[in-house]
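Shown next, in structure tokens, is the structure this report addresses.
The values are calculated or read from the model by the stated rules, or taken from the named source; none is laboratory data. A quick note: this is a predicted structure, and the numbers were derived from the prediction, not measured. Neighbour counts run over all protein chains shown; Cβ positions are idealised from the backbone, glycine included. Accessible surface areas use protein heavy atoms only, side chains included; no ligands, DNA or RNA. Shrake-Rupley method; radii C 1.70, N 1.55, O 1.52, S 1.80 Å.
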Amino acid sequence: MAAPSDDLSGCFVREFELKNSTVLRVNQFEVGDVGCVVWDAALVFASYLQTEDFSKSYGTLSGKSVVELGSGTGIVGLTAAVLGANVLLTDLEDFVPLLELNIKTNETHSQGTSKAQTLKWGEDVSIACPDFLFISDCIYYDESTEPLVTSITDLSDKHTHVIMSYEKRTSENKLALERKFFKLIEEDFKVETIALERHDDVFRSEDILLIHMTKR
Ligand SMILES: C[S@@+](CC[C@H](N)C(=O)[O-])C[C@H]1O[C@@H](n2cnc3c(N)ncnc32)[C@H](O)[C@@H]1O
């Protein structure tokens, strides 16, 4: 699997302007695995965090604990940190250096804190259940579906708002994956689709879904 690992040469920067005019500078890679770039589902998610709908529905992020699974470049978690959350960005071990670089690049903007840690889905971790668990575009390969559901279940209690974005893909195997994920997650979680009209006015798209889940 091609991943950034410790060699951070070959980065290029994507700028993302937040509503408060903060400009996040997110390092990405031209070549590598899926975690190396910012996905559209992450832009929709990060934009939604800044909407009035988000704060009215789920409260302020300021002072709240956030864990993000499969952070990739970290843009969603970094946005939450700018908004005052204390964020733990996680991914496979090889992506932690990229996350640390992006944390360092953006630390002066953060009202909250951010740090990065390895978290492979399905593995035991001693992390307290956060106020918010974020997952952006992580339903995409079969072997990871059950471990991902295990991590979501392990890291949530009844108070955790689990919010997930994903891009709806039309191939039969991706649709089957999606069905498998929701069948498993619905055993323990109430699942609500956040209607498109509640998303950010600009960063929204018919094929990118935002889902809110809470433990039953
Ligand atoms: C499609 S990318 C999305 C990245 C980022 N969340 C975004 O939306 O831009 C999926 C992410 O999941 C991570 N991932 C894949 N399998 C994983 C596993 N078994 N455990 C932890 N992270 C994993 C990848 O490394 C990658 O960063």
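Summary of computed values
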{"item": "Restricting the stretch 103-140 to residues that are of a type in the set (Phe, Trp, Tyr) and part of a loop (DSSP other than H, G, I, E, B), the residue that is farthest from Val82 (Cα to Cα)", "result": "Tyr140"}
{"item": "Within the stretch 5-34, considering residues that are in contact with an Asp or Glu (Cβ under 7 Å, 6 or more places away or on another chain) and either at pLDDT below 65 or small (Gly, Ala, Ser) (or both), the one farthest from the ligand (Cβ to nearest atom)", "result": "Gly10"}
{"item": "Residue among Ser21, Ser71, Ser62 that is touching a residue at least 40 places away in the same chain (Cβ under 8 Å), more than 20 Å from Glu167 (Cβ to Cβ), assigned to a loop (DSSP other than H, G, I, E, B) and among the small types (Gly, Ala, Ser)", "result": "Ser62"}
{"item": "Failed item, numbered, when Asp142 is tested on (1) of a type in the set (D, E, K, R); (2) within 12 Å of the ligand (Cβ to nearest atom); (3) touching an Asp or Glu at 6+ places or on another chain (Cβ under 8 Å); (4) modelled with pLDDT under 95", "result": "(3)"}
{"item": "Enumeration of residues in the stretch 115-139 that are without any contact (Cβ under 8 Å) to a residue 60 or more places away in the chain and open to solvent by less than 30 Å² (accessible area, probe 1.4 Å)", "result": "Ala116, Leu119, Ile139"}
{"item": "Of residues in the stretch 141-197 being without any contact (Cβ under 8 Å) to a residue 24 or more places away in the chain and β-branched (Val, Ile, Thr), the one nearest to Ser57 (Cα to Cα)", "result": "Thr193"}
{"item": "Selection status of Ser71, among the polar types (S, T, N, Q), surrounded by fewer than 24 Cβ atoms within 10 Å (Cβ to Cβ) and either under 24 Å from Ser126 (Cβ atoms) or within 13 Å of the ligand (Cβ to nearest atom) (or both)", "result": "no"}
{"item": "Index of the failed condition, Val76 passing every other in (1) touching a His at 6+ places or on another chain (Cβ under 9 Å); (2) buried (at least 17 other Cβ atoms within 10 Å of the Cβ)", "result": "(1)"}
{"item": "Index of the failed condition, Ser55 passing every other in (1) within 15 Å of the ligand (Cβ to nearest atom); (2) open to solvent by 10 Å² or more (accessible area, probe 1.4 Å); (3) assigned to a helix (DSSP H, G or I)", "result": "(1)"}
{"item": "Within the stretch 149-187, considering residues that are small (Gly, Ala, Ser) and part of a helix (DSSP H, G or I), the one least open to solvent (accessible area, probe 1.4 Å)", "result": "Ser151"}
{"item": "Scope the stretch 79-101; condition within 11 Å of the ligand (Cβ to nearest atom) and either of a type in the set (A, V, I, L, M) or open to solvent by less than 10 Å² (accessible area, probe 1.4 Å) (or both); matching residues", "result": "Leu89, Thr90, Leu92, Phe95, Val96, Leu98, Leu99"}
